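The values are calculated or read from the model by the stated rules, or taken from the named source; none is laboratory data. Just so it is clear, the model here is predicted, and its values are computed rather than measured. Virtual Cβ from ideal backbone geometry, glycine too; neighbours counted across all protein chains shown. With ligands, DNA and RNA removed, areas are computed over all heavy atoms of the protein, side chains included. Shrake-Rupley method; radii C 1.70, N 1.55, O 1.52, S 1.80 Å.
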Amino acid sequence: MTAVTQTWDPDRYRKNAGFVAELGMPVVDLLAPKPGERILDLGCGDGALTQKLVALGCNVKAVDASPDQIRKAQEEGLDAEVMNGQDLTFGPEFDAVFSNAALHWMTGADAVLAGVKRALKPGGRFVAELGGAGNVQTIRTALRVAVAARGVDPDSADPWYFPTPESYRAKLESYGFSVAHMELIPRPTPLPGDIDGWLASFGDSFLMRLDIAQRDEAISQIRDSLRPMLVNEDGIWVADYVRLRFAATVPV
Ligand code: BEZ
């Protein structure tokens, strides 16, 4: 099976996933950015939170693996560059590395941490939020079941890394970080539309392995199986998000 990666359409992303940046403010608060700080926004997407950091007076470099998202961020006037978070090329130039809702797409967590550490000045901080253990578990299970029923190996289709707080703390410490904050936060999240919009935005790695007829069938099956679990009494789809939020520093 050839690799199937997620595609990022900035307009579709803003429509179906604009809440990602809106709900990202607590991790900005944990970062506590100071005017003039040099910050790396790792996995910046369309740059919505990068803009907030710039507005707070920070000098921000933004990177993301998606050329389409980076183009959008550049159109907003941001200093943004295509770079895979598992291959960061920076030396020790940043006061902080910040990341929201991106690290769970980078299954090479060791390569990420090595690159973040290289990018930080002595005493620099790494403050981020990603999907934690149990994140979107009902949706993930439905996707895995739907593709497996159509002959696709769910393990090779599954693109996500949702670590436990214990395992991520141990990983940070193994790279010399000192962990000041580590919290697993269940955050049921109302979606702006139905589950189809979420699947269209985030389900490529599973669904693009199917031909178009199989894909339509799989989406119906997923929608029907999730409706009783994820649609609330007001008819709103609520996804079972779980965040892992942390702050760590490298030695001075
Ligand atoms: C998340 O932000 O937790 C997430 C978003 C899309 C797919 C998987 C996880």
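Numbers for the structure displayed
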| read-out | value |
| --- | --- |
| Two-decimal ratio, the chain, of alpha-carbon radius of gyration to 2.2 N^0.38 Å | 1.01 |
| Mean Cβ count within 10 Å, highest first, over the residues of peptides 228-237, 188-197, 67-76 | 67-76, 188-197, 228-237 |
| Residues of the chain: accessible area per residue with a 1.4 Å probe, Å² | 43 Å² |
| Contact order relative to length of the chain, as percent, for alpha carbon pairs under 8 angstrom and 6 or more apart | 23 percent |
| 5 Å-binned pair-distance histogram of the stretch 149-210 (Cα, whole percent) | 3, 13, 15, 14, 15, 15, 14, 8, 3, 0 |
| The chain - mean residue ellipticity at 222 nm from DSSP helices (-39,500 (n - 2.57) per run, n ≥ 4, rounded to 500) | -11500 deg cm²/dmol |
| Protein accessible area in the stretch 82-222, 1.4 Å probe - carbon and sulfur % | 55 percent |
| Over 18 Å (Cα to Cα) - which of Lys52/Lys171; Lys34/Lys117; Lys72/Lys117; Lys72/Lys121; Lys34/Lys121 fall in this group | Lys52/Lys171; Lys34/Lys117; Lys72/Lys117; Lys72/Lys121 |
| Isotropic mean projected area of the C-alpha convex hull, the stretch 23-99 (nm²) | 4.7 nm² |
| J(HN,Hα) series, the stretch 125-133, from Karplus relation 6.51 cos²θ - 1.76 cosθ + 1.60, nearest Hz, glycine and proline x | 10, 10, 10, 7, 9, 9, x, x, 3 |
| Computed Kirkwood radius, in angstrom, where 1/r is averaged over Cα pairs of the stretch 78-131 | 11.5 Å |
| Centroid-to-centroid separation of the stretch 210-228 and the stretch 169-184 [C-alpha atoms, Å] | 39 Å |
| Between helix 137-148 and the chain: long-axis angle, C-alpha atoms, 0 to 90°, nearest 10 | 50 degrees |
| Computed magnitude of the charge dipole of the chain (debye, nearest 20; Cβ of K, R +1, Cβ of D, E -1) | 540 debye |
| Two-site label geometry, Arg150 and Arg14: point separation in nm, points 7 Å out along Cα→Cβ | 3.0 nm |
| Rg ratio (alpha-carbon, reference 2.2 N^0.38 Å) - the stretch 46-152 | 1.25 |
| Using distinct alpha-carbon pairs, which all enter the 1/r mean, Kirkwood radius of the stretch 106-164 in Å | 13.8 Å |
| Whole-Å distance, taken between Cα centres, linking the stretch 1-61 and the stretch 70-102 | 9 Å |
| Dipole of the chain [Lys/Arg +1, Asp/Glu -1 at C-beta], most positive-end residue of Gln221, Leu207, Gly24 | Gly24 |
| Linear extension gain, Leu23 paired with Asp158, 0.36 nm per residue minus alpha-carbon span | 46.2 nm |
| Per-selection metrics, the stretch 89-199 (Cα): Rg and Dmax in Å | 16.5, 51 |
| Rg over Rh [alpha-carbon atoms, Kirkwood Rh] for the stretch 153-252 | 1.10 |
| Gain on full stretching of the segment that runs from Arg187 to Ala213 - 0.36 nm per residue minus C-alpha separation | 6.0 nm |
| Cα lying deepest toward the dipole's positive end in the chain, options Ser66, Leu113, Gly85, charges on Cβ | Leu113 |
| Percent breakdown of C-alpha pair distances by 5 Å bin, ordered from the shortest bin, for the stretch 204-251 | 4, 16, 15, 15, 14, 13, 7, 6, 5, 3, 1 |
